[in-house]
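**Q** Here you go, one structure.
The values are calculated or read from the model by the stated rules, or taken from the named source; none is laboratory data. Please read these numbers as outputs of a predicted model, since none were measured by experiment. Cβ atoms come from the backbone with ideal geometry, glycine included; neighbour counts cover every protein chain shown. To get the accessible areas, we keep the full protein, side chains included, count just its heavy atoms, and leave off ligands, DNA and RNA. Shrake-Rupley method; radii C 1.70, N 1.55, O 1.52, S 1.80 Å.
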Amino acid sequence: MGLLVSGGLGEDILKKISEIHEIVFVFTDKHSLEIREYVNQHSIPNFIGNPRNSRTAEFVKDKSIDVLVSVNYLYIIDSQLIGLPIKLAFNIHGSLLPKYRGRTPHVWAIINNESETGITAHVINEGCDTGPILDQMLVRIEPNDTGNMVLGKYKNCYFPLVKDVLAKIESGSYELTQQDDSLATYFGKRTPEDGQINWNWQKERIRNWVRAQAFPYPGAFSYIQGQKIIIDELVFVERGFHSEQPNGQILSVDPILVKTPNGVVQLKQVRSFDRTIHLGDILN
């Protein structure tokens, strides 16, 4: 077996899979230090960095694998790697495909007020999360779940799904379900700079925006008096306002209450902030 893994989810899968299957090689990225340390300690051949443009030709030329598994891997996989396994190459994607193809799907699911998400095992092809589906597991999104909380739920599901799919591949009992492209949605990569709040949004979207990106994620943010303020939690409160007041206006300092188009919200948890907030200030 070959593994393509990154980050904490990838590390967890690597350690658990290595207990039940022989791992011929591991691909990862330079920032996944725990993975790099583990493969070096266990003398597992590894490739660090972007595998595109046939950079891995020399590395894989003498390696034979039945299955290639990708979990939380940072890079796009080219045809050379896709065609390497004798049986199958599959990836675990963090959504119920064909919905939420692309990057950080669980964050987008919270932002879009979804009540459920999930993970999908799908065949790797040269498209972006477009290969036939092997299996799926549903994950509930509770009203107060943050992006990190949902990722924690994913972590409990990844290994059972991978293990089950590997067993089906080994026995030849797996079934493939083609994705319905007419139902597909795609969301692109997010960066910390994408977290700015638009106070003209409805309060429900603002709340979802905040909880999706709450600590330890970079966080949803606004600017006040030119300084950035990162918000990790806000709640709805019963408080009157005038429709002519600008959205984002501070209506109270203690607690911090902010006007939106359809209600007032309280900034319940903000990260360290060294500027004094004044009544009437505008968040933007």
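**Q** Residues in segment 217-243, backbone N under 19 Å from the label point at Lys155 (7 Å along the Cα-to-beta-carbon vector): list them, ranges by number please.
**A** Of the residues in segment 217-243, 217-219 have backbone N under 19 Å from the label point off Lys155.
**Q** With +1 on each Lys and Arg Cβ and -1 on each Asp and Glu Cβ, how big is the dipole of the chain about its Cα centre, in debye rounded to the nearest 20?
**A** Details: 29 positive and 33 negative charges, 92 e Å.
With only Lys, Arg, Asp and Glu charged at Cβ, the dipole is about 440 debye.
**Q** Write down the accessible area per residue of segment 87-233 in Å², having rolled a 1.4 Å probe over the full set of protein chains. Each step should come with its number before you reach the end.
**A** Working: 6800 Å² over 147 residues.
It amounts to 46 Å² per residue over segment 87-233.
**Q** Something else about it: Ignoring ligands, DNA and RNA, please state the percent of accessible area on the chain from carbon and sulfur, probe 1.4 Å. Could you put the intermediate results ahead of the total?
**A** On the way: 6630 of 13940 Å².
Roughly 48 percent, rounded to a whole number.
**Q** What does the charge dipole of segment 110-215 about its Cα centre add up to, to the nearest 20 debye, if the Cβ of each Lys and Arg holds +1 and the Cβ of each Asp and Glu holds -1?
**A** Details: 11 positive and 15 negative charges, 112 e Å.
Here segment 110-215 has a charge dipole of around 540 debye.
**Q** How high is the FRET efficiency from Gln80 to Glu37, r the C-beta distance, R0 25 Å, rounded to 0.05? List each step's numbers first, then the result.
**A** Working: r = 27 Å, r/R0 = 1.08.
It comes to 0.40.
**Q** When a/c reaches 1.5 or more, the comparison of a/b and b/c decides; with that in mind, is segment 207-284 rounded, prolate or oblate per its Cα gyration tensor?
**A** oblate
**Q** Let me ask something else about it. Hey, what do the phi angles of segment 186-194 turn into as Karplus ³J(HN,Hα) couplings, whole Hz, using 6.51/-1.76/1.60 and θ = phi - 60°, x for Gly and Pro?
**A** 10, 10, x, 5, 9, 10, x, 5, 7
**Q** Please identify, among Val150, Val270, Val162, the residue showing maximal mean-square fluctuation in a Gaussian network model of the chain using a 10 angstrom Cα cutoff.
**A** Fluctuation is largest for Val270.
**Q** Under the Karplus relation 6.51 cos²θ - 1.76 cosθ + 1.60, θ = phi - 60°, what is the ordered set of whole-Hz ³J(HN,Hα) values for segment 219-236, x standing for Gly and Pro?
**A** Ordered by residue, 3J(HN,Hα) equals x, 6, 8, 9, 10, 9, 6, x, 10, 6, 10, 9, 10, 9, 7, 9, 9, 7 Hz.
**Q** Would you kindly calculate the mean projected area, averaged across all directions, of the convex hull enclosing the Cα atoms of segment 78-231, in square nanometres? Spell out each step's value before the answer.
**A** Numbers: hull surface 42.4 nm².
Value for segment 78-231: 10.6 nm².
**Q** Could you work out the longest stretch of the chain that avoids the GluC sites (Glu not before Pro) located in DSSP loops with at most 11 other Cβ atoms within 10 Å?
**A** Working: sites that count: Glu19, Glu22, Glu126, Glu175, Glu238, Glu244.
Result, exposed sites excluded: 23-125.
**Q** Which part of segment 248-279 falls in the paramagnetic zone of Phe215, meaning amide N under 11 Å from the point 7 Å along Cα-to-beta-carbon?
**A** Hits in segment 248-279 for Phe215 at 11 Å: 269-273.
**Q** Less than 19 Å apart at the alpha-carbon level, and either on another chain or at least 8 residues along: which lysines does that give for Lys228?
**A** The reachable lysines, counting only those whose Cα sits under 19 Å from Lys228, are Lys259, Lys268.
**Q** Tell me, what is the percent relative contact order of the chain, built from C-alpha pairs under 8 Å that lie six or more residues apart? Show your work: numbers first, answer last.
**A** Values: 571 pairs, mean separation 37.1, N = 284.
In percent, rounded to a whole number, it is 13.
**Q** Helix 7-17 against the longest principal axis of the chain: what's the angle in degrees, Cα atoms only, rounded to the nearest 10?
**A** Tilt of helix 7-17: around 30 degrees.
**Q** Here's a follow-up. Using θ = phi - 60° and the Karplus curve 6.51 cos²θ - 1.76 cosθ + 1.60, what whole-Hz ³J(HN,Hα) does each residue of segment 145-156 get, with Gly and Pro shown as x?
**A** 5, 9, x, 5, 5, 5, 4, x, 5, 4, 4, 6
**Q** Here is a follow-up. Quote the convex hull volume per residue of the chain, based on C-alpha atoms, as a whole number of Å³. Write down the numbers at each step before the final one.
**A** Details: hull volume 40.8 nm³, N = 284.
About 144 Å³ per residue, rounded to a whole number.
**Q** Continuing with the same structure: Give the angle, between 0 and 90 degrees and rounded to the nearest 10, that separates the Cα long axis of helix 203-212 from the longest principal axis of the Cα atoms of the chain.
**A** 40
**Q** Per DSSP H run of at least 4 residues, take -39500 (n - 2.57); add these up for the chain, divide by its residues and hand me the 222 nm value, nearest 500 deg cm²/dmol. Mind dumping the intermediate values first?
**A** Numbers: 7 runs with 70 residues, N = 284.
That calculation yields -7000 deg cm²/dmol at 222 nm.
**Q** In nm, to one decimal, how far is the Gln245 label point from the Asn148 one, both placed 7 Å along Cα→Cβ?
**A** 3.2
**Q** Quick one: length gained pulling Arg275 to Asn125 fully straight, 0.36 nm per residue minus the C-alpha distance?
**A** Details: separation 150, 0.36 × 150 = 54.00 nm, distance 5.06 nm.
Residue separation times 0.36 nm, minus the Cα-Cα distance, leaves 48.9 nm.
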